[in-house]
Protein chains: 2
Amino acid sequence: MLTSPMTDLRSNTVSLATPSPSGTSWQRQAKLWSSLKEVCDLLRISARIVNDDFQFQHMQFKAGQRIHTIGQPFDMLYIVNSGFLKTVMIDELGNEQVLGFPMKGDMFGIDGIHRKQYSTETVALTNCDVILVPFKTFSTLGRTHAELEAAIYGVMSRELVREQAMVGTLGSLSAEARVARFLVFLSERFAEMGYSGSQFNLRMTRQEIGNYLGLTLETVSRTFSAFNAIGMISVDQRAIMIHDLQSLRTLRRLPPSRLRNKTEAAKKRAAGQQMAVA
Amino acid sequence: MLTSPMTDLRSNTVSLATPSPSGTSWQRQAKLWSSLKEVCDLLRISARIVNDDFQFQHMQFKAGQRIHTIGQPFDMLYIVNSGFLKTVMIDELGNEQVLGFPMKGDMFGIDGIHRKQYSTETVALTNCDVILVPFKTFSTLGRTHAELEAAIYGVMSRELVREQAMVGTLGSLSAEARVARFLVFLSERFAEMGYSGSQFNLRMTRQEIGNYLGLTLETVSRTFSAFNAIGMISVDQRAIMIHDLQSLRTLRRLPPSRLRNKTEAAKKRAAGQQMAVA
DNA sequence: CGTTAGCTTGAATACCTTCAAAGTAGGTGG
DNA sequence: CCACCTACTTTGAAGGTATTCAAGCTAACG
């Protein structure tokens, strides 16, 4: 019961992750240009574009490739068309700090505007299709398309709010609550993208999740196991199945493990959730 | 002249029209309007403004007053001309999360663009003089002043980078390192403003600092005391004197207190432990 | 089929928080 | 002017949460 859907998901990842030397079909089939209108749709912007003649170039990246690096001169913004990435900062001691996991519809590279060079780097976690948006072109278009200009400001503001919410999370929540929210966040994003919000594969390592959430990889792993044990989710390596999204949403702190392991209530609840899903 | 535009803007600013009988001098002397050029200087923007005729209104707030509140319809950006404030988010349980301490030259309210209403609120910690920047006016001016437009994007990007740095801090640094960096940050800002960077008064409580840094007020207090004990700084309530800025900059972790306080005892105890183990 | 990167789990410990109590400063009213 | 009140700060002691270190395990890749 648990196995089949998960292997389905995994096979999905595998096919993406291993394009054989000959099997470059994903690249050949890839779309190479998008109109301004398509870009706006991707960004969930409601701009009525009249002069829809401008075309933005796409670029394909394989897992592990860098889209931009720290210190590189800024001239582009990027929009994810497909695939998963991570954006990281590197501190003075060379330690990575994961800042986010851009996915379909997200814009990244905004941090580069300020100093005219990127202060972060973004790496593809899977094969990706990314739209290149020359910043100068974009802002010029904004001057003649009022709605687009508003949208640019809106996207930048949205990123700021997202970052602020992250500060709130890191500053005040327990490890369990952070991991729970991370799962909710992923679930919602997958659902928005038209995939299942209740079962999906993580594209990032425990290390990356932990770093993002201000935790160690061991704590992330243990927390997944704990959620699994009480029936909130099922975990098998990267494969996640969410059984009780609402509990994840509102979770603040798990009851101590000594109370968790052998209580009738917990078992009942877990059983009930299984039933509800099935 | 003063009353009508302010009552137009915000109901909670009505109180400004009725200042207390005794302490009005700072208000009477306050500057009421700034040109676009002056605004750009304040933001540290190098825009060559030709048509320098537009005027932005100032507004004075007393300590404790709110400049904007959560959920309030967005139409203004704000720039601090003088004074100190705090920006806070409030989570679903009503807990405050301090996001920043805007001071001279900082812009706030940017978070409101995204959803057309503010997602944060900003409160004056001291009496303040704030410049009101109607967002629509600002972006319109940007269309004709290329450098101003670039500057607007730049300021928004700067805020994003600042928030990202904060995530990095919360995610990876010890309590001591966070407090140390906070002091360095304040020192640098005071120096930029033309005040002493080595001797200043905190404008915020331990509670607010702790909340901002993801720590409890007790931890902040203890950390100040520890820095004081080793001579890095002097603390007396809100008064701070920084003796060793460089150490604060690079501090990662303090040596354990038992090694700090009484070296002889520590050596003995360490020796004892060695013996016990051997 | 071995190697490697990633994941899980256990045990010990460090760090920070929580709870508590006492001290300090500033403002207000008697 | 002093006493009181409140908000803020300091410090101690106990306890819990997350980290660190370590070992074994899984899965993917050549």
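The values are calculated or read from the model by the stated rules, or taken from the named source; none is laboratory data. All figures in this text were calculated on a predicted structure; none of them were measured in a lab. Using ideal geometry, Cβ is built from the backbone for each residue, glycine included, and neighbour counts are taken over all protein chains shown.
The table below lists the values:
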{"read-out": "Tally of residues being within 14 Å of chain B (Cβ to nearest Cβ), without any contact (Cβ under 8 Å) to a residue 60 or more places away in the chain and not β-branched (V, I, T) across region A:194-217", "value": "6"}
{"read-out": "Residue in region A:118-137 that is within 11 Å of chain B (Cβ to nearest Cβ) and touching a Lys or Arg at 6+ places or on another chain (Cβ under 8 Å) present", "value": "no"}
{"read-out": "Qualifying strands (runs of 3 or more DSSP E) (wholly inside region B:68-113; at least 1 residues being acidic (D, E) and more than 18 Å from B:C40 (Cβ to Cβ))", "value": "B:96-100"}
{"read-out": "Restricting region B:144-163 to residues that are more than 7 Å from chain A (Cβ to nearest Cβ) and touching a helix residue (DSSP H, G or I) at 6+ places or on another chain (Cβ under 6 Å), the residue that is farthest from B:G112 (Cα to Cα)", "value": "B:L148"}
{"read-out": "Residues that are within 11 Å of the chain's Cα centre (by Cα) and closer than 18 Å to B:E208 by Cα, drawn from region B:89-107", "value": "B:V98, B:L99, B:G100, B:F101, B:P102, B:M103"}
{"read-out": "Which numbered condition B:H243 misses (of (1) touching an Asp or Glu at 6+ places or on another chain (Cβ under 8 Å); (2) away from DNA strand C (no atom under 16 Å from the Cβ))", "value": "(1)"}
{"read-out": "Odd one out for B:A271, checked against (1) loosely packed, with under 12 Cβ neighbours inside 10 Å; (2) away from every other protein chain (no Cβ under 14 Å); (3) modelled with pLDDT of 95 or more; (4) more than 16 Å from DNA strand D (Cβ to nearest atom)", "value": "(3)"}
{"read-out": "Residue among B:A191, B:A177 that is in contact with a helix residue (DSSP H, G or I) (Cβ under 9 Å, 6 or more places away or on another chain) and more than 7 Å from chain A (Cβ to nearest Cβ)", "value": "B:A177"}
{"read-out": "Any hit, region A:205-225, residues being more than 10 Å from DNA strand C (Cβ to nearest atom), surrounded by 18 or more Cβ atoms within 10 Å (Cβ to Cβ) and over 21 Å from A:G94 (Cβ atoms)", "value": "no"}
{"read-out": "Flag if A:M166 is of a type in the set (A, V, I, L, M, F, W, C) and within 12 Å of chain B (Cβ to nearest Cβ)", "value": "yes"}
{"read-out": "Criterion (touching a residue at least 24 places away in the same chain (Cβ under 8 Å) and near DNA strand D (Cβ under 9 Å from one of its atoms)) met by exactly one of B:V220, B:V179", "value": "B:V220"}
{"read-out": "The lone exception for B:T140 - which of (1) buried (at least 20 other Cβ atoms within 10 Å of the Cβ); (2) assigned to a helix (DSSP H, G or I); (3) in the same structural domain as B:F54 (by TED's automatic domain parsing) it fails", "value": "(1)"}
{"read-out": "Lone unmet requirement of (1) crowded, with 16+ Cβ neighbours inside 10 Å; (2) at pLDDT below 95 for B:K86", "value": "(2)"}
{"read-out": "Residue pairs meeting the criteria (Cβ under 8 Å; at least 6 apart or on separate chains; first basic (K, R), in region B:137-154; second at pLDDT 90 or above)", "value": "B:R143/A:R143; B:R143/A:E149; B:R143/B:E149"}
{"read-out": "Selection count, region A:187-225, where residues are under 20 Å from A:N127 (Cα atoms) and in contact with a strand residue (DSSP E or B) (Cβ under 7 Å, 6 or more places away or on another chain)", "value": "6"}
{"read-out": "Positions within region A:90-116 being closer than 18 Å to B:G168 by Cβ and surrounded by fewer than 21 Cβ atoms within 10 Å (Cβ to Cβ), in sequence order", "value": "A:I90, A:D91, A:E92, A:L93, A:G94, A:N95, A:E96, A:G100, A:H114, A:R115"}
{"read-out": "Residue match in region A:223-231 (condition: without any contact (Cβ under 8 Å) to a residue 24 or more places away in the chain and outside the structural domain of A:Q97 (by TED's automatic domain parsing))", "value": "yes"}
